[in-house]
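What follows is one structure encoded as structure tokens, with my remarks underneath.
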Amino acid sequence: MIYKIGSVKQVEKLKKIIPEEVYKIILDIVVVLDREYGSKRNIDLNDGGYIIFFDGDNAIEEIKKIICTDINMAEWIEPVGTEYLNAFCLKNNEFGINYILPKKLIPIQILNEWNL
């Protein structure tokens, strides 16, 4: 499943269906986005950005597309628990996308480059 999340209200709906460590990092990010850019903003058109959470192997084709474009250009990548990674990609001065992806689906060369 693929989730696009841009506000606290959206992530709260997912609390019981996504891993706890993923929920916590997404919540931390959207709290900042809501505070700095507004909770009622259009997450696609207004400043701020959003989070894309890929849950499980069923999103492998989408993940491959993202890896070929954004992940190779990430500003930073960090672990989220032991199973996931958070890759932040800045699109312009005021808009970024955090990709939360299963670590097992990331190519080894990217993991090695980021010492993950």
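Taken together, the values in this text are just the output of simple stated rules run on the coordinates, not laboratory data. Keep in mind the model is a prediction, meaning the values are calculated, not measured. Neighbour counts are summed over all protein chains in view; Cβ atoms, including those assigned to glycine, are modelled from backbone coordinates with ideal geometry.
For this structure, a couple of remarks:
- Sequence-distant residues sharing a close amide H with LEU85 (under 5 Å, placed H): VAL80, LEU101, LYS103
- Residues ASP34, ASP28 in ascending order of nearby Cβ atoms (within 10 Å, fewest first): ASP28, ASP34.
- Cα long-axis angle, helix 60-69 against the chain (0 to 90 degrees, to the nearest 10): 90 degrees
- Order of TRP114, TRP76 under a 10 Å beta carbon neighbour criterion, fewest first: TRP76, TRP114
- The candidate values are [x] 13.5, 39; [y] 14.5, 43; [z] 14.5, 51; the one derived from this structure for Rg and Dmax of the Cα atoms in Å carries the label [x].
- Here GLU62 and LYS13 are evaluated by their C-beta separation; at R0 = 25 Å the FRET efficiency comes out at 0.75.
- Looking at region 2-110, the DSSP beta bridges with both ends there are about 75 percent antiparallel.
- The chain: angle of helix 20-37 to the longest principal axis, Cα-based, in degrees nearest 10: 40 degrees
- For the chain, the longest site-free run once GluC sites (Glu not before Pro) in DSSP loop states with at most 16 other Cβ atoms within 10 Å are removed: 1-74
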